[in-house]
Amino acid sequence: MKTKVVIIGGGPSGLLLGQLLSRRGIDNIVLERRSKDYVLGRIRAGVLEQGFVQLMQEAGCADRLHAEGIVHDGTVLACGGTAFRIDFKQHTGSQVVVYGQTEVTRDLYDAREKTDGQTVFNVEDVTLHGVDTDAPHVRYSVDGVVHHVACAFIAGCDGFHGVSRKSIPRDVRKEYEKVYPFGWLGVLVEKPPVYHELIYANSPRGFALCSMRSETLSRYYIQCAVQDSVHDWSDAAFWQELKRRIPAPYADQLITGPSIEKSIAPMRSFVTEPMRWGRLFLCGDAAHIVPPTGAKGLNTAASDVHYLYQGLRAFYETGDQDGLARYSEKALGRVWKTQRFSWWLSSLMHRYPDQSEFDAKIQMAELEFLRSNRAAQKTMAQGYVGLPY
Ligand code: APR
Ligand code: PHB
């Protein structure tokens, strides 16, 4: 088989890239290790930057997002029993849209099925060959039958545990990692959200976040110990702890119920450099991981896809290779700024087990500075709504 672009990974990165390329007539195939139902069963964050929304529009996949997404003009930060608001619209003229990643992925699959874009599920033993030549190819097997796909480019959209990053020679790759000393215990509940905007809370007992997926589906998180297991947390224990971490006016309004999903996510920052090796281009979680604090995982995958899509489009439409040549530099430039924002918000809002009394005083001073200083609020708002591509 032959195609222009082999996309490894049928998550948001791979699907968004595939849809954008297909709409420009750039032939591609998506190879996905799991089944479609498995991919759609993943529960992930749900705050979209305007850049992501615009890419979904360009991909022809934004109708449901516009119809069902909830536009947020700001967010609430709480500390010490009181709260203040960061007004995105006032500081940046921009907003974010609350719309679950599962729905994004569903919309992208629905759109791809209306095109002639080929998607192969349940692939195994994916290997990349000739990546540093002008004629790479990918091998994979399905049901024991080995397939060979000749291509011009390979997009590694296969997440942190995929094969693409590891296909870049170890002596070429430089990896950066920071592991945070806590995790996030998340609960999905079919109840109205406690407030119409998100609430990020720094309490003496640890971080908490009140989020949502719709007006009848809410998502809550509490910081937990790295060694915690979901089995350590009954629904009752979760609700009791969440109420102790958010200011009383919100806690008193909280509508609890049985969790329909409960999971613990580890917290880490990770970046690999370069994001390109020959004809292989890494996008999204294959290249970087952010702590979920700023909801930047999906949004940073989107900016990678934007840079790669523009580079491939220029190559095929005008022969210009500059976009592809500068892909890694441009993508990493925004990746590191987003890493900084996610690290900063995580450091501001979580209680660290080894936090000294001095550290705790600095954290409170940082929060008070943010509460009282317009320039500080503007800076946070710019980071939250997303830096320009
Ligand atoms: N071959 C084919 N597919 C693979 C392989 C492989 N060897 N390894 C992994 N995959 C698939 C996974 O099954 C998954 O569906 O690649 C896809 C990668 O998707 P994600 O992990 O969701 O990564 P990405 O598409 O970059 O999206 C980033 O997803 O994980 C969240 O927080 C992250 O919001 C961010 C977003
Ligand atoms: C979520 O709704 O899952 C969510 C929202 C905002 C975040 C992180 C997660 O910062």
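Numbers for the structure displayed
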| item | result |
| --- | --- |
| ³J(HN,Hα) computed for each position of region 41-50 - Karplus, 6.51 cos²θ - 1.76 cosθ + 1.60, integer Hz, glycine/proline x | x, 6, 9, 9, 5, x, 10, 9, 6, 4 |
| At R0 = 41 Å, FRET efficiency that the Cβ-Cβ distance of Ala314 and Gln253 yields, to 0.05 | 0.20 |
| Environment charge of Ala78, counting only residues whose C-beta is closer than 12 Å and scoring Lys/Arg +1, Asp/Glu -1 | +2 |
| Net charge of Cβ neighbours under 15 Å - reference Pro249; Lys, Arg +1; Asp, Glu -1 | +2 |
| Pair Glu261, Glu368: separation of 7 Å Cα→Cβ label points (nm) | 4.0 nm |
| Crossing angle, helix 327-349 versus the chain [Cα axis fit, 0-90 degrees, rounded to tens] | 20 degrees |
| Where labels lie 7 Å past Cα in the beta-carbon direction, separation of Gln118 and Arg34 in nm | 2.4 nm |
| Cα convex hull volume per residue for region 8-81 (Å³) | 139 Å³ |
| Theoretical ellipticity at 222 nm over the chain - DSSP helices of four or more residues, -39500 (n - 2.57) apiece, nearest 500 | -11000 deg cm²/dmol |
| Within a Gaussian network of the chain (alpha carbon springs, distance under 10 Å), most fluctuating of Lys114, Lys89, Lys330 | Lys114 |
| Only Lys, Arg (+1) and Asp, Glu (-1) charged, at Cβ; the chain dipole about Cα centre in debye | 520 debye |
| Gyration tensor over alpha-carbon atoms, the chain, equivalent ellipsoid semi-axes in Å | 37, 22, 20 |
| Distant-in-sequence amide H partners of His147 (H built 1.01 Å from N, under 5 Å) | Tyr140, Ser141, Val142 |
| Helix 235-245 axis, angle to the chain major axis (alpha carbon atoms, nearest 10°) | 70 degrees |
| Protection proxy ranking of 61-74, 214-227, 122-135 - average other beta-carbon atoms within 10 Å, highest first | 214-227, 61-74, 122-135 |
| Among 238-245, 370-377, the order from most to least packed when residues are scored by Cβ within 10 Å on average | 238-245, 370-377 |
| Virtual spin-label span in nm between Gln382 and Val71, 7 Å along Cα→Cβ | 2.3 nm |
| Greater than 28 Å apart at Cα, pairs in Lys174/Lys296; Lys243/Lys296; Lys36/Lys174 | Lys36/Lys174 |
| Using alpha-carbon coordinates, inclination of helix 357-372 to the longest axis of the chain, degrees | 90 degrees |
| Karplus-derived HN-Hα couplings along region 17-33 (A = 6.51, B = -1.76, C = 1.60, θ = phi - 60°), whole Hz, x at Gly and Pro | 4, x, 5, 4, 5, 4, 5, 9, x, 9, 4, 8, 10, 9, 10, 10, 5 |
| Two-decimal log10 I(q)/I(0) for region 167-266, as the Debye equation yields it once each C-alpha is a single scatterer, q = 0.25 Å⁻¹ | -1.43 |
| Region 166-224: radius of gyration over Cα atoms, expressed as a fraction of 2.2 N^0.38 Å | 1.68 |
| Theoretical FRET efficiency, 1/(1+(r/R0)^6), r = Cβ-Cβ of Ser94 and Ser234, R0 41 Å, to 0.05 | 0.55 |
| Note, ³J(HN,Hα) from phi for region 305-313, Karplus 6.51, -1.76, 1.60, rounded to Hz, x at Gly and Pro | 4, 4, 5, 6, 4, 5, x, 5, 5 |
| Sum of side-chain charges, Lys296 neighbourhood, beta-carbon under 11 Å (Lys, Arg +1; Asp, Glu -1) | +2 |
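None of the figures in this text is laboratory data; all of them are computed from the coordinates on show. Quick caveat: nothing in here was measured; it's all calculated off a predicted structure. When we count neighbours, we look across all protein chains shown, and the Cβ atoms used for this are built from the backbone with ideal geometry, even at glycine.
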